[in-house]
Amino acid sequence: MIKRMVYNPARNEALFLASCAERLIKDDLEYEAHSTNEIVTRIEQDIAEGLIVESGRYLQFRLAFISRDKEQIVKHVLYVSDMIELTRGAAS
Amino acid sequence: MNIDEALRLTEIMLGLAFIQQSIEHLHRPNNEKILFIPRIVLSLLLVIGFQVSWALIALVALSLVILKRFHGPYNGGSDRMGLLILVCLTLAHLAPNHMWQEIAFGYLAVQLILSYLISGWVKIVNPAWRSGRALRDVFAFTTYPVSENLRGFAEQPKLLFVMSWCVIAFELLFPLSLLNTNTLYFALIIAATFHLANAFLFGLNRFFWIWLCAYPSILWFQGNYV
């Protein structure tokens, strides 16, 4: 916990990706390509580092948001990306 | 604390905070290193006090490039606060006379006060915060590993109701702490503890370090103008 006070890159990257996700669902074309690229780049890096086990040549991601509806917690998938060909760490 | 001491302390703290942030960007094999290695070098100049004015100007320019790279702040509020401190410090260094130097640095102190006051106002006008539900949702929805262990807090509505009102009251009453040096020190210790708890529980480490960097400005401001 002490170490994470001075070095917590995964958490801060996750916060940045949450910002990218929020930009994507705003349907703003100016941000769409940039945000998609940021998310895909990190998924590919996680695959290359073995953090995600992949089995194909393409990837597709979805953005699920949870919110409260009275006393119920509901989950909505608000964005599904196009199929994107992996550029690194891809299965042969 | 006089303004020269407060400015120097802010430079050192900001330099260290920027180094901390920049090192976090070096773990990925992508093009972020080209932006953040120079930022580390410039921040080191700030810490050791060598060519400070030029280092500040270069850091402002680099910050604009970083903003463009990420299409906005990488880390939301903490990056905005970092940029605010950096710009105020730079303007204080480039100020043509003492009066403008004090205006630039005083602006930072006022913004720090507003950062707490407006946060409190936003919460008190929000029914979810007044009922404690907002804080319950924070614990219920979090995906941060440390706070996942604390998810049980979401089932403690009375406790979270009290905690919510403590946070709201503290933030709204923060400006009153400037009436006295001792109350200001006390309020800043409480505020820093709040940021520290957020860093431990929710991984918001950058907020803790960067908000501390603005504290010398408010200590100087209170000592000279209140």
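A short reminder: the numbers here are calculations on the coordinates, not readings from a lab. Just so you know, these numbers come straight off a predicted model, no measurement behind them. For neighbour counting, all protein chains shown are included, and Cβ atoms are generated from backbone atoms with ideal geometry for every residue, glycine included.
Ordering B:72, B:50, B:96 by Cα displacement along the dipole of region B:1-122 toward the positive end leaves B:72 in first place; charges were set at the Cβ atoms of Lys, Arg (+1) and Asp, Glu (-1). Over chain B, DSSP H runs of length four or greater, each weighted -39,500 (n - 2.57), average out per residue to a 222 nm ellipticity of -26000 deg cm²/dmol.
Would you kindly work out the equivalent ellipsoid of the protein assembly as shown from its C-alpha gyration tensor and give its semi-axes, the square roots of five times the eigenvalues, largest first in whole Å? The partial results should precede the final answer.
Details: eigenvalues 254, 159, 51 Å².
Calculated on Cα positions only, the semi-axes equal 36, 28, 16 Å.
For region A:1-63, the mean projected area of the C-alpha convex hull, equal to one quarter of the hull surface, is 5.4 nm².
Computed from backbone phi, the HN-Hα couplings of region A:48-57 come to 4, 8, x, 6, 10, 8, 10, 10, x, 9 Hz, rounded to whole numbers (Karplus: 6.51 cos²θ - 1.76 cosθ + 1.60, θ = phi - 60°; Gly and Pro given as x).
How long are the three semi-axes of the equivalent ellipsoid for region B:79-122, computed from the Cα gyration tensor as the root of 5 times each eigenvalue, in whole Å, largest first?
Details: eigenvalues 107, 27, 4 Å².
Whole-Å semi-axes of the equivalent ellipsoid: 23, 12, 4.
In chain A, the calculated helix contribution to ellipticity at 222 nm averages -14500 deg cm²/dmol per residue, counting -39,500 (n - 2.57) for every DSSP H run with n ≥ 4. Helix B:181-202 and the longest principal axis of the C-alpha atoms of chain B enclose an angle of approximately 70°. Taking trypsin sites (Lys or Arg not before Pro) as exposed when their DSSP state is a loop state and no more than 15 other Cβ atoms lie within 10 Å, the longest site-free interval of chain A runs over A:27-56.
Quick one: grab the alpha carbon gyration tensor of region B:161-226, order the square roots of its eigenvalues as a ≥ b ≥ c, and give me rounded if a/c is under 1.5, else prolate or oblate depending on whether a/b is larger than b/c. In terms of gyration-tensor shape, oblate. Please say if region B:134-187 is rounded, prolate or oblate, where rounded means a/c under 1.5 for a ≥ b ≥ c the square roots of the C-alpha gyration tensor eigenvalues, and otherwise the choice is prolate for a/b larger than b/c and oblate otherwise? The shape class here is prolate. Pairs over the 25 Å Cα-Cα cut-off, from the set A:70/B:123; A:26/A:75; A:75/B:68; B:123/B:158; A:26/B:68; A:70/B:158: A:75/B:68.
Here residue B:150 and residue A:41 are evaluated by their C-beta separation; at R0 = 45 Å the FRET efficiency comes out at 0.90.
The Cα center of region A:11-68 and the Cα center of region B:1-75 differ in position by 27 Å.
Calculate the tail of P(r) for chain B: the fraction of all Cα-Cα distances greater than 30 Å, expressed in %. Value for chain B (Cα pairs over 30 Å): 31 percent. Principal-axis analysis of the Cα atoms of chain B puts helix B:52-69 at an angle of about 50° to the longest axis. On a 0 to 90 degree scale, rounded to 10, what angle separates helix B:76-94 from the longest Cα axis of chain B? Relative to chain B, helix B:76-94 is tipped by roughly 30 degrees.
Put simply, the amide H of residue A:79, placed in the peptide plane, has neighbours under 5 Å in A:63, leaving out anything fewer than 5 places away on its chain. Note on residue B:35 and residue B:141: with the Förster distance fixed at 35 Å, the Cβ-Cβ geometry gives a FRET efficiency of about 0.65.
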